[in-house]
Amino acid sequence: MTGSIRLWPLLLLVGLANSGTAVAEEGRRWTLEDVVTVPAEFELSLASDGKSLAYLERRADLQKNETVSILHLFDLRSRASREILRAASAEQLRPLPNGTGWSLLLDRGDELQLYALDAEGTIKPLLVRDAKVTVGQTEGALFAVRSGAPRRIGILYHDWSPDGQWLWYATLKPSSEPANVAIDDAVVSQRNRRRAPVRAIVELRIRSATGEDWLVASRPSGDRLAFYYGGHVEWTDEGPRYQLEQSDAERADGIGTFSWSFVTNASRPIQESSGFPAIGLVRGPNGGTLASEGFGRTLALTETHTDGRKTHYGRQPYYIGDPRSAGNWLSGDGLSALLGVRTTSHPRYGLVLLTGRHATSLIRPGSLTACDFREDLAWGICVEEGLNQAPRFVRVEPKDGRVQAIAPLSAAHDSIAPLRVTPHQWTNRLGYRSTGFIVWPRNYQTSSRYPAIIITHGSDADERFANVDLQWNYPAQLFAERGYVVILMNDPSARQQAELWHAYMIWSGGPGTLGPEKLRELIWINGVYSFEDAIAELASEGIVDPDRIGIAGYSRGSQMVNVAMTQSEMFRAASSGDGNYLEPASYSDPKDGYHAVFGGPPSGRYLDAYRQLSPSLRADRACAPVLQQMASPFAGAIDFYAALREAKVPAQISLYPGETTATDETHLFHIPSNRLRAMQENLAWFDFWLRDRRDRDLDDRGAFDRWAKMAAQWKTRCVQTRGAERR
C-alpha cells in the first residue's frame, strides 16, 4: 500500500449505485458550449435603499467570438433582472456615496472610462481622460497579467471617499523617456516577449467635489501597487493613505506608505515595510490585524492589536485572505467584521462573522463566491455555486446563518442533469494530504473499470461551477459524460505543515535553509506521489483501469504534468497547458526561484540538479504521449517538445492565435473559438491514446494520421498490466 484514501464518499457512491447504475436525474447532458459560456467574475453592489442590486458578469459570446462583460440591474422585490448593456470590459462596480446609484469603469468599444449608473439603468460619463496607452498582448501595447482582449485605458482605477467629496483615481500615460538600448536585466525581462516593450506611467490623482484635480504620484507601470491596485488607497479623516512599491534606485527597497493631506494637498511618507500588503483585508472588530496562524489542526484565527495583544477566535477549519473568497466587510460602527474564508478539508468558500471575541461561521455545501452586504452586515446578497450548482443569487443573514435562494443566474446551465461529484482527501506515502473531488461517469457501473484523468492546477479544485481557473481547456464534465473517472486534485496544501509552508516561502523568495533537493521533493515529487497513490487506491477498489490513466494541467498544473510524465510510469497520456517553468531555457527569469530549486544556473556543478527534475532533460523517461497547448511560444515548452520527439515519444505542441496577427491569446484563453478548439483537441487526444478512438468532432482530421504515425514509431519502455472489464 503506497498511501491511504478516505473512502466514505466512495462507499456512499457504491451504495447508491449497487444496482449497477447510479440514479439518473432529469435534464440534458453537458456540451462544450456549456463549459465555454459559464458566467464568471461576478461583481455585486447593493443600492443604498436595499431594493435593488447592480451586478456584473463575464461570459463568452459565441456568435461574436468574444468574451464580454454584462451589466445588470436586479430588483430584489420582484426578483426580476434587467440587462443594461454588454461591453468589452466592465469592472470596479462601486456605490456612489450620495446613494443615487453606482460608478464603474466601462470600455464600450473604444476605451476604459468612468461612468455613473442610476437606478433606472441610465448610464452617463463621470470622468473621461485621454486613452493613449493600450494594455494587452498586442503590438504597441503595455503587457499586463490579465485575461482579455487588448484595451485602451483612460481611467485605470477609482475609489470614493466615504463622504463622497473626493474621488481617487489612476490614469495611464505614455512615458516621455526616449527608447534606449536595453542592457542586461532589461534584456532578460523581455525573454518571453514577442514584441518590444512599451513604457507607460501610472498617475495617481485625487479630485474634489468642486472639480479641483491634483497629481498625487507618478509611477512606472512596473509598480504593481500603482498599476493593479491604484495605490491600495485607504481613507482617513486627514486624507487618503496609499502604498507604492519602492525600487532599488529609490530611498528604500520594499513598500512605502504615504499620506496625502486634505489641508496641504501634498503627500508625506509615513511608513516603510518589506512585505507586499494584504489586498482587501479589513480590520478586526477590535481594531487589530486579522490573520490565520498555525498549520493543520492548529490553524487558528487571531486579531493582533496595535499594542501587540491578541484576540484568539479559536481553531478553525478554514483560513482568511484567499483572493478567491467572497470579500471582506467591516460594519459601519466598526464593531463587526465579515470575512470570506476557504475551508481546508472540503475546499469551498464561506463566511465568518466576528463580533467582540466570537466567530460565527457560515459554511455551505457549495461556495459563496461574490457578495455585497448592508452597512450593518444584517443581510446581503451573494452568488452561490458549486461543482454541481450553477451560479444563483441567495440572500444571506450572517448572524443567524440563514441562506435563502433568490434567483438563478444561468437557466441554460440549470437545465443540465447534474453529474455525481464527491469530495475526497488523499494521504500520500510521505504523509501529506491532498484535497479534491471525483466527477463520476454518468450511469457509473461498479462492475467495470474506467479510464481516468487527473486535472490539476495548484489549489483550484474547489466548489466552483466549471471554473476556468481549474479546468482551463480541460472539459471535466465532457470527460465524465464520455465515461472517464475525472479526478480534480489539489497540490498538498502548505497550510497543513510548517516545513511545506517554509518550502513555498523559500521558492518565492530565493535560497533558504531547506536546500534545493528538499524543495524539489516537497513541491514537485511530493505532488507526483499524491497522484500515484490516489490512482493506486482507486485501482485497488476496482474503479479505474491502471493502464488508462491520463493527466492534465496548465500553468502550475503544467509543471506537475511535465514532472509527473518524466518521473512516473503510471500515466498513459498527458496534456500540458501554457507552461515552461523548470526548464533550463527559463532560468534567467525569475532567477532567485531557480537558485532555490536547483542551487544555481543550468551548468557546471548545478547541472545534475536540473537533470533530476527538468522535464526536457528527462524526456527519454516519459512513458506516454504529451500534448502541449500554448498561448505563447515559450522556449522551455518548445525544448520539452523537441526533446520528447528526439526520444521518439509521441508529442504535439499547439499554439493558439490571437484575434489578429498583431495580437496573442492570453494565459486564460479569452477567445471562445480557441477554447472550443482546445477542448475538442484534449477530448480527442485522450480518447485516441487511452481508448483507441477517433473523435469525429475534431476539426483537424489530419491529427489522427499524425498521431497514428507517432504511435507506430514509438516503442515504450514502460510495462502495462491489464485490468478487469473496461468501459
note = For the residue 445, residue 214 Cβ pair and Förster radius 60 Å, calculated FRET efficiency rounded to 0.05 is 0.30
request  = Please report how far the C-alpha centroid of the range 76-90 lies from that of the range 317-354, rounded to the nearest whole angstrom.
outcome  = 27
Reach of residue 399 by Cα under 19 Å, taken over aspartates and glutamates that are not fewer than 8 positions away in the same chain = 333, 372, 375, 376, 384
query = Can you give the three extents of the C-alpha atoms in the range 280-409 along their principal axes, from longest to shortest, in whole Å?
reply = 47, 34, 24
task = Starting from the Cα of residue 591, draw a straight line to each of the lysines and keep only those under 28 Å, dropping any in the same chain fewer than 8 residues away.
result = 518
key: Calculated diffusion of the range 299-364, Stokes-Einstein form, Kirkwood radius summed over Cα pairs, 25 °C and 0.890 mPa s, µm²/s   = 199
remark   = Relative to the chain, whose Cα atoms define the longest principal axis, helix 526-540 and its Cα axis are tilted in degrees, nearest 10, by 50
ask   = Which distance in nm do the two modelled labels at residue 718 and residue 300 give, with both placed 7 Å along the Cα-to-Cβ direction?
value = 4.6
task = Divide the volume of the convex hull of the Cα atoms of the chain by its number of residues and quote the answer in cubic angstrom per residue.
result = 170
inquiry  = Within a 10 angstrom radius of the beta carbon, how do 218, 410, 274 rank from fewest other beta carbons to most?
reply    = 274, 218, 410
inquiry  = Could you check the spin-label model distance between residue 263 and residue 521? Points 7 Å from the Cα along Cα→Cβ, value in nm.
reply    = 6.1
task = Return the lysines within reach of residue 715: Cα separation strictly under 23 angstrom, same-chain partners fewer than 8 residues apart disregarded; answer none if there are no such residues.
result = 648
query = Once the Cβ-Cβ distance between residue 64 and residue 94 is put in as r, and R0 is 35 Å, what FRET efficiency do you end up with, to the nearest 0.05?
reply = 0.80
Sequence of 400, 307 once ranked by neighbouring C-beta atoms within 10 Å, starting from the fewest = 307, 400
message = Which residues among the range 127-147 fall inside the zone where the amide N is under 15 Å from a point 7 Å beyond the Cα of residue 173, along Cα→Cβ?
response = 129-133
inquiry  = Only counting other Cβ atoms within 10 Å, I'd like 100, 343, 264 sorted with the fewest neighbours first.
reply    = 264, 100, 343
ask   = Where both partners of a DSSP beta bridge lie in the chain, what percent of those bridges are antiparallel, to the nearest 5?
value = 85
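To the nearest 0.05, what FRET efficiency results for residue 395 and residue 607 with a Förster distance of 41 Å applied to their C-beta separation? Mind dumping the intermediate values first?
Values: r = 60 Å, r/R0 = 1.47.
In this case the efficiency is close to 0.10.
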request  = Measure nothing but the geometry: give the 0 to 90° angle between the long axis through the Cα atoms of 672-691 and the longest principal axis through the Cα atoms of the chain, rounded to 10°.
outcome  = 20
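Let me have the relative contact order for the chain, percent, based on Cα pairs under 8 Å that are six or more residues apart.
10 percent.
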inquiry  = If amide hydrogens are placed 1.01 Å from N in the peptide plane, which non-local residues have theirs closer than 5 Å to the one on residue 142?
reply    = 134, 135, 136
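For residue 414 and residue 310, calculate 0.36 nm times their separation in residues minus their Cα-Cα distance, and state this gained length in nm to one decimal.
Here the segment from residue 414 to residue 310 would lengthen by 32.9 nm.
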ask   = For the Cα atoms of the chain, what angle does the longest principal axis make with the long axis of helix 556-567, in degrees from 0 to 90, nearest 10?
value = 20
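Readers should treat all values here as calculations from the given coordinates under stated rules, not as data from a laboratory. Quantities reported herein were computed from a predicted structural model and do not represent experimental measurements. FYI the Cβ positions are ideal-geometry reconstructions off the backbone, even for glycines, and counts take in every protein chain you see.
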